Amino acid sequence: MPLYHVDPGSEAALVRVNDDVDLIKISVGTVDNNAYLIHPGAGPAILVDAAAEPSRLKALIGNYEVGAVITTHRHQDHTGALADIINMTGAQPWCGEPDAEAIEATTGVTCSTVWDGDLFRLGDVKLDVIGLVGHTRGSIALRLQGNPSDHVLTGDSLFPGGVGKTSGSREFESLYTDICMKIFAPMSDTTVIHPGHGDATTVGEERPNLPLWRARGW
């Protein structure tokens, strides 16, 4: 059974991160984009990747206060509803610093920025920001400390079965190195990987495949 599977257009899935924080996953748009609502027991929520279908995202948000919308990278299938959601909620938009200019150019939204090694905090929610260069220059992953397992939202940089698409060998080497050093080296096998499309997986499930990814170059 796929991990935390959600069909496009179907109801959201609830993931319990720890006693205080839930992660709610929904699939939107025509290419199975995942949007995630990080919802603490008290205080404002965080929406990750306002990808498409603003009306469904608004329904997901419901009566929650959303304090921030974080975009994992600049590609338009991850930003299609960004302007609408910012206008609806009044939330502060955020993204990886190297992708900010491109996001503003395509959406008209000026994002505050974070980058590798930053700690993003909103109320009781803390997210470790991980810069992953390769799919885009400014792609980020977001790590939530959980119980019993941590959770990392990887955008389009890491999926079940491989790293995200890159435009050439240099970009692949950059992304593969970042993934190995910043995700597989420090994180336990139980850490849950939540990608920008499709089902979740775990670090332990993917770790044995790293040599294959390196050999094939994708």
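Could the peptides 79-92, 41-54, 200-213 be put in order, highest first, of the mean number of other beta-carbon atoms found within 10 Å of their residues? Intermediate values should be presented prior to the final figure.
Values: 79-92: 19.6, 41-54: 21.8, 200-213: 15.4.
Packing order, densest peptide first, comes out as 41-54, 79-92, 200-213.
With the Cα gyration tensor of the chain in hand, convert its eigenvalues to equivalent ellipsoid semi-axes via √(5λ) and list them largest first in whole Å.
Values: eigenvalues 123, 77, 53 Å².
Ellipsoid half-lengths, sorted descending, are 25, 20, 16 Å.
How much net charge surrounds Val17 when only the other residues with a Cβ under 12 Å from the Cβ of Val17 are counted, with Lys and Arg +1 and Asp and Glu -1?
Net charge in that neighbourhood comes out at -1.
Could you give the size of the charge dipole of the chain about its Cα centre, using +1 on the Cβ of each K and R and -1 on the Cβ of each D and E, expressed in debye and rounded to the nearest 20?
On the way: 15 positive and 28 negative charges, 63 e Å.
In debye, rounded to 20, the chain gives about 300.
Straight-line reach from Lys58: which lysines have a Cα under 19 Å away, not including same-chain ones fewer than 8 places off?
Leaving aside lysines fewer than 8 places away in the same chain, those within reach of Lys58 are Lys25.
Return a whole-number percent for the relative contact order of the stretch 82-182, with Cα pairs under 8 Å and 6 or more residues apart as the contact set.
Dividing the mean separation by the residue count of the stretch 82-182 yields 19 percent.
So which aspartates and glutamates can Lys126 reach, going by Cα to Cα under 15 Å and dropping same-chain residues fewer than 8 places off?
Candidates past the 8-residue exclusion: Asp19, Asp20, Asp22, Asp116, Asp118, Asp150.
Decide, for the stretch 42-95, between rounded, prolate and oblate: order the square roots of the alpha carbon gyration tensor eigenvalues as a ≥ b ≥ c, take rounded if a/c falls under 1.5, and otherwise choose prolate if a/b is larger than b/c, else oblate.
Working: a/c = 2.00, a/b = 1.36, b/c = 1.48.
Judged from the Cα gyration tensor, the stretch 42-95 comes out oblate (a/c at least 1.5, b/c at or above a/b).
Tell me the net charge near Gly196. Cut-off is 14 Å between Cβ atoms, Gly196 excluded, with +1 for each Lys or Arg and -1 for each Asp or Glu. Intermediate values should be presented prior to the final figure.
Details: positive: Lys25, Arg74, Lys165; negative: Asp32, Asp49, Asp77, Asp99, Asp156, Asp199.
Neighbour charge sum, excluding Gly196 itself: -3.
No value in this document is a laboratory result; all are computed from the given coordinates. The structure presented is a predicted model; accordingly, all values stated were derived computationally and were not measured. Neighbour counts are summed over all protein chains in view; Cβ atoms, including those assigned to glycine, are modelled from backbone coordinates with ideal geometry.
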